[in-house]
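Novice: My structure is below; once you've seen it, I'll send some questions.
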Amino acid sequence: MALSKDNRIVLIVGAGLAVVGAVAAALVFSGGRGGSVEAPPASKGGLTIDVAEAPTLEPTRELRCFVNGQFVGLATLADCARRNGVATSALDVGLDSTGSLVAAPTASFAPPPEVPAVTLAEAPSAGHNAAADATGPAPAVSGTACLRHTGSEWRQVSGDMSLAACVQALYSGTCVRPGEASYGRWGDTTLRLVPRRVEQSTDNNRFRTLAQQDRNCQFPEL
């Protein structure tokens, strides 16, 4: 039976729509398979702060500020330095135990202890006969002594060590928080561990950097 003119038109239009739909579906599926899917930035790791780079933070960023060992509120690095009456370079900046970014004057929580009255390596041993000193020569010192300050007293680590070995023995694997410090002695030199570095002083007052400390609390320079 012959189709009418109207029926032929309907069939032609329907076939055309079917072809267009098939082509569109093919494009959609091929694009989905060939394109790479990248996770959105929000799904990636959160903000990571490198303590070693903390002093170069944005000037407007606020940190927990300490003055004379007391928390005084949030402040920018420059404002915290102004409150402490020091330059920004005199502040130790890093993360505290809660993960908050803090700033405090270098070694503000642990000022230098009094130097030992006598180097332990030179001190007379137990049972030493003092009368023998009057007739015999003074005993020779075997080497440069390395001492650790425990918070209440000085204790000898070794009686014969190089400076680098003394620093490693005292501080390798140990990090301190902003404002804190750990002290030691190598001969007549005071050693001080503060965040990111170990310092040295010949007068127990003015300190200068001896070696930088990495994020693993090690000293690759030594």
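Novice: Would you please give the residues with an amide H less than 5 Å from that of R177, counting only those at least 5 places away or on a separate chain, with H modeled from the backbone geometry?
Specialist: Correct list: empty.
Novice: To the nearest 0.05, how large is the calculated FRET efficiency for E62 and R208 if R₀ is 25 Å and r is the Cβ-Cβ distance?
Specialist: Working: r = 30 Å, r/R0 = 1.20.
That gives a FRET efficiency of 0.25.
Novice: Rounded to whole Hz and in sequence order, give me ³J(HN,Hα) for segment 200-210 from the Karplus expression 6.51 cos²θ - 1.76 cosθ + 1.60, θ = phi - 60°, writing x for Gly and Pro.
Specialist: Karplus-based 3J(HN,Hα) across segment 200-210 equals 9, 8, 9, 10, 6, 9, 9, 10, 9, 5, 9 Hz.
Novice: Give a residue-ordered list of calculated ³J(HN,Hα) values for segment 178-191 (Karplus: 6.51 cos²θ - 1.76 cosθ + 1.60, θ = phi - 60°; whole Hz; x for Gly, Pro).
Specialist: Those phi angles translate into x, x, 9, 7, 10, 10, x, 9, 10, x, 9, 9, 8, 10 Hz.
Novice: Sticking with this structure for a sec: Sorted by packing (mean other beta-carbon atoms within 10 Å per residue), highest first, where do 174-184, 209-219, 73-83 land?
Specialist: Put in order of decreasing packing, that is 174-184, 73-83, 209-219.
Novice: If amide H atoms are built 1.01 Å from N in the plane of the peptide, which residues on other chains or at least 5 residues away come under 5 Å of the amide H of L57?
Specialist: Counting only residues 5 or more places away or on other chains, the set is empty.
Novice: Also, I was wondering about something else. Just check segment 168-215 against the gyration tensor rule for me: Cα atoms, a ≥ b ≥ c as the square roots of the eigenvalues, rounded for a/c under 1.5, and otherwise prolate or oblate depending on whether a/b exceeds b/c.
Specialist: Note, shape of segment 168-215 comes out prolate.
Novice: Could I ask something else about it? Would you mind computing, in nm to one decimal, how far apart the modelled labels at F71 and A87 are, each placed 7 Å from Cα along Cα→Cβ?
Specialist: 3.0
Novice: Here's something else I'd like to know. Amide H of R197 versus every other amide H placed in the peptide plane: which residues, excluding those fewer than 5 positions away on the same chain, fall under 5 Å?
Specialist: Correct list: Q213.
Novice: Here is a follow-up. What is the local net charge at H149, summed over the other residues whose Cβ is closer than 10 Å to its Cβ (Lys, Arg +1; Asp, Glu -1)?
Specialist: Once positives and negatives cancel, what remains is +2.
Novice: Still on this structure, please answer the following. Please list 3J(HN,Hα) in residue order for segment 105-112, calculated via the Karplus relation 6.51 cos²θ - 1.76 cosθ + 1.60 where θ = phi - 60°; whole Hz, with x for glycine and proline.
Specialist: x, 3, 6, 5, 8, 8, x, x
Since every read-out is calculated from the coordinates, none of them should be taken as a lab result. These numbers come from a predicted model, not from an experiment. Don't worry about glycine lacking a Cβ; one is built from the backbone with ideal geometry, like all the others, and counts go over all protein chains shown.
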